[in-house]
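The values are calculated or read from the model by the stated rules, or taken from the named source; none is laboratory data. Everything numeric in this text was worked out from a predicted model, so none of it was measured. With ideal geometry, Cβ positions are generated from the backbone for all residues, glycine too; neighbour counts draw on all protein chains shown. The protein model used for the area step is the full one, side chains on, heavy atoms only, and it has no ligands, DNA or RNA in it. Shrake-Rupley method; radii C 1.70, N 1.55, O 1.52, S 1.80 Å.
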Amino acid sequence: MTKRHRAPTTTAAKGIALKNSFLKGIWSFFISLKLTISILIIISITSIVGTIIPQNEAASYYLRFYKPSTYKLMHLLDIDNMYHSWWFLTLLTLFTCNLICCSLNRFPGFWRLISSKEKDFDDRLLETLPLKKVQRLKSFDQQAWTVLKDAVKKHMPIRTDVASPSGTFHLFAEQGKYSRLGFYITHFGIVFIILGGILGNLGYQGHMNVVEGSSNDTLILRGSGKEKKLDFSIRCDDFQVTFYEDKQRPKDFTSDLVIIDGGQEVKKKRIEVNDPLQYKGVWIYQSSYGTSSDQGALTLGVTNRESGQQARNYQALVGQRIALEEPGYELEVKRFVPDFSIEKNNQVVSRTQEPRNPAAQLALFKDGSLLEEKWIFAKFPDFHGSGEKGPYQFSLLNYSAREYTGLQLTMDPGVWVVWLGCILLCAGCYIICFLSHQRLWVKVEPKKDDYSLTMAGTSSKNMLSFSQTFARIQQDLKRMDK
């Protein structure tokens with residue numbers, strides 16, 4: 001007996017239909033032009049907001065302009081770090097999927113167009129072509145056919161040419177068939193740029209200061225202010241800065257850097273602005289410079305008020321406690337700032353890293369107990385000292401604070417993907433703007449007393465340029481009958 005195949009149950013058939021309908025709905029959503037326009041509008045508006053509101057600044061910066069409640073909402077929505085937020089990356093991902101799906105949706109028709117064989121040059125095709133010309137020839141033979149092909153070859157490559165026994169000649173010329181790929185190349189260029197930007201979120205950007213003659217392997221991440229330890233260290237062997245004639249504005253500054261990895265010196269380079277050092281995918285840029293306030297030696301003058309003896313000079317490092325000549329007295333250099341200033345909250349800061357107003361904070365101890373604490377100034381030696389009470393008068397005679405180089409470190413794993421996208425985008429735009437798919441048909445057929453030469457052609461775009469080529473070919477063919 002022959003087995004009969006049972007038809008799917010009504011429930012199973014409905015389930016399959018529902019699944020297909022659901023998939024078609026998702027596909028229709030991703031190929032929708034409305035989705036493209038909506039995403040582009042949202043990205044444009046949010047990008048305007050991200051341009052107006054500075055990104056990746058410290059919380060104190062935003063609190064200067066916004067209320068705490070407003071800043072809390074901004075921080076919750078990642079408006080202060082918008083381009084790295086989950087919702088902005090979601091928009092970019094959605095736009096990328098939309099772009100890919102739209103391209104795939106059009107690809108079958110595009111492939112049929114460029115892979116199909118040439119159409120028969122009949123009256124139906126002739127009516128659809130925008131450029132056409134018919135002329136009469138007194139005679140036409142194999143030699144004339146060769147001349148005709150040579151005339152066409154000067155302007156376009158010939159794909160097929162057929163001379164039939166009936167005396168009819170057919171020719172098809174074509175160029176720029178794959179120029180229709182231009183918009184696909186452009187689309188994929190955009191996709192690669194977006195993917196590179198998303199991959200860039202896996203990297204980091206921050207800064208570090210390296211004191212001349214020392215090394216550092218820890219940077220401060222931009223935005224969060226957190227520390228990140230590198231798997232290698234950077235040593236600054238030498239730092240140089242040159243100024244303009246006013247001695248205020250830096251003209252150029254360079255750093256001789258050494259990369260130390262695994263205890264070995266693996267790379268050396270002198271860097272300057274816009275000439276970075278690259279190692280393990282990390283780009284190290286010359287960013288700033290300054291004077292280290294916690295390293296360097298100070299020369300202090302100490303005068304005993306009671307004995308009136310001549311001041312004695314002492315050498316001390318920042319953070320070091322030294323013993324004075326009188327028993328029981330010790331002096332500690334707690335802090336050094338190259339450009340002394342007091343903020344509104346009475347915090348002492350250095351306005352710049354230039355030695356414009358050098359000052360040192362001293363602490364005097366007697367038998368281990370703090371006796372007094374004061375600031376002394378190199379350019380204003382009498383500001384604190386002579387008019388104050390205390391066993392000692394102090395002066396800042398000299399300072400040899402060590403300079404540091406400020407480095408910006410960037411690690412972006414998506415940078416080469418972005419470069420590839422840019423190349424594809426430029427290539428696609430060039431193809432779209434300057435290349436076109438041009439086709440030309442020529443047919444010569446015998447008539448009662450002469451021959452009829454029919455020439456027709458079309459171009460996917462830039463018809464003006466193709467019409468000029470068409471006219472030149474026509475002029476060359478006219479000379480055949482002379």
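Taking label points 7 Å from Cα along the Cα-to-Cβ direction, Q347 and I260 give a separation of 3.2 nm.
Would you mind working out the magnitude of the charge dipole of the stretch 53-118 relative to its Cα centre, with +1 at each Lys and Arg C-beta and -1 at each Asp and Glu C-beta, to the nearest 20 Debye?
Values: 6 positive and 4 negative charges, 37 e Å.
Using Cβ point charges on Lys, Arg, Asp and Glu, the stretch 53-118 gives about 180 debye.
Model label points for L202 and R106, set 7 angstrom from Cα along the Cα-to-Cβ axis, are 3.1 nm apart.
Each label point was placed 7 Å from the Cα along the Cα-to-Cβ direction; for S60 and K447 their separation is 9.3 nm. Work from the charge dipole of the stretch 114-267 (Cβ charges, +1 for Lys and Arg, -1 for Asp and Glu, about the Cα centre) and give the residue of T186, T128, G167 farthest towards its positive end. Highest projection toward the positive end goes to G167. Looking at the calculated P(r) for the stretch 175-318, what percent of the C-alpha pair distances fall above 24 Å? Of all Cα-Cα distances in the stretch 175-318, 57 percent exceed 24 Å.
Largest first and in whole Å, give the semi-axes of the stretch 322-443's equivalent ellipsoid, each being the square root of 5 times a Cα gyration tensor eigenvalue. Please list the in-between numbers first.
Values: eigenvalues 970, 47, 27 Å².
Equivalent-ellipsoid dimensions as semi-axes: 70, 15, 12 Å.
The H on the amide N of R305, modeled in the peptide plane, is under 5 Å from the matching H of Y392, Q393, each at least 5 residues off or on a different chain. Each of T469, V418, G263 was placed along the dipole of the chain (beta-carbon charges, centred on the mean Cα), and the one lying farthest toward the positive end is T469. Around the amide H of S341, modelled in the peptide plane, lie the amide H atoms of V349, R351, all under 5 Å away and 5 or more residues distant in sequence or on another chain. Quote the relative contact order of the chain in percent (integer), defining contacts as alpha-carbon pairs under 8 Å separated by 6+ residues. Normalised by residue count, the contact order of the chain is 19 percent. What is the Cα centroid distance between the stretch 391-421 and the stretch 331-363, reported in whole angstrom? Taking the Cα centre of the stretch 331-363 as reference, the centre of the stretch 391-421 is 19 Å away. What the phi angles of the stretch 425-441 give under the Karplus curve with 6.51, -1.76 and 1.60, with θ = phi - 60°, is a coupling list of 5, 5, 5, x, 5, 4, 4, 5, 7, 10, 10, 8, 8, 10, 10, 9, 10 Hz, glycine and proline written as x.
I need the calculated FRET efficiency for the pair V49 and L125, taking r as the beta carbon distance and R₀ as 56 Å, to the nearest 0.05. Each step should come with its number before you reach the end.
Numbers: r = 54 Å, r/R0 = 0.97.
My answer for the efficiency is 0.55.
Tell me the net charge near K267. Cut-off is 13 Å between Cβ atoms, K267 excluded, with +1 for each Lys or Arg and -1 for each Asp or Glu. Net charge around K267: +1.
Rounded, prolate or oblate: pick one for the stretch 46-127, where a ≥ b ≥ c are the square roots of the eigenvalues of its C-alpha gyration tensor, a/c under 1.5 means rounded, and failing that, prolate if a/b is larger than b/c, else oblate. Here the stretch 46-127 falls in the prolate category.
What accessible area per residue, rounded to a whole number of Å², is obtained for the chain using a probe radius of 1.4 Å?
Values: 29250 Å² over 482 residues.
Result: 61 Å² of accessible area for each residue.
Backbone phi angles across the stretch 185-192, fed through the Karplus curve with coefficients 6.51, -1.76 and 1.60 (θ = phi - 60°), yield HN-Hα couplings of 4, 4, 4, 5, x, 5, 4, 5 Hz in residue order; Gly and Pro are listed as x. Given the alternatives (i) 48, 25, 20; (ii) 81, 32, 19; (iii) 40, 35, 21, semi-axes √(5λ) of the Cα gyration tensor in Å as computed for this entry is given by (ii). Taking a ≥ b ≥ c as the square roots of the eigenvalues of the Cα gyration tensor, the stretch 319-382 is classed as prolate, since a/c reaches at least 1.5 and a/b is larger than b/c.
Taking amide H as placed 1.01 Å from N in the peptide plane, the amide H of H437 sits under 5 Å from that of S460, K461, each at least 5 places away or on another chain. Principal axis extents of the Cα atoms in the stretch 207-288, from largest to smallest and rounded to whole angstrom, are 43, 31, 21.
Arranged from highest to lowest average of other beta-carbon atoms within 10 Å per residue, in what order do the peptides 76-86, 203-213, 58-68 appear? Kindly include the intermediate steps, with their values, before the conclusion.
Working: 76-86: 15.5, 203-213: 18.2, 58-68: 11.7.
Descending packing order for the listed peptides: 203-213, 76-86, 58-68.
Compute, for the stretch 123-187, the length of the dipole vector about the Cα centre, with Cβ point charges of +1 (Lys, Arg) and -1 (Asp, Glu) only. Units Debye, rounded to 20. Mind showing how you got there, number by number?
Values: 11 positive and 6 negative charges, 35 e Å.
So the dipole magnitude of the stretch 123-187 works out to roughly 160 debye.
Computed from backbone phi, the HN-Hα couplings of the stretch 56-61 come to 6, 8, 5, 4, 4, 5 Hz, rounded to whole numbers (Karplus: 6.51 cos²θ - 1.76 cosθ + 1.60, θ = phi - 60°; Gly and Pro given as x). Taking 0.36 nm per residue of sequence separation and removing the Cα-Cα distance, the I42/H84 pair yields an extension gain of 13.5 nm. Placing +1 on the Cβ of every Lys and Arg and -1 on the Cβ of every Asp and Glu, with no other charges, gives the stretch 215-281 a dipole of roughly 280 debye about its Cα centre.
If you wrap the Cα atoms of the stretch 153-222 in a convex hull and average its projected area over all directions, you get 11.2 nm².
Centre-to-centre, using Cα atoms only, the stretch 30-94 and the stretch 159-186 are separated by 51 Å.
Mind running the shape call on the stretch 7-143? Use the C-alpha gyration tensor, a ≥ b ≥ c as the square roots of the eigenvalues: rounded below 1.5 for a/c, prolate if a/b tops b/c, oblate otherwise. Oblate shape, in that a/c is at least 1.5 and b/c is the bigger or equal ratio.
Quick one: net charge around A456, please, counting Lys, Arg +1 and Asp, Glu -1 for every other residue with C-beta under 10 Å from its C-beta. Mind showing how you got there, number by number?
Values: positive: K132, K133, R439, K443; negative: E127.
After counting each charged neighbour, the total is +3.
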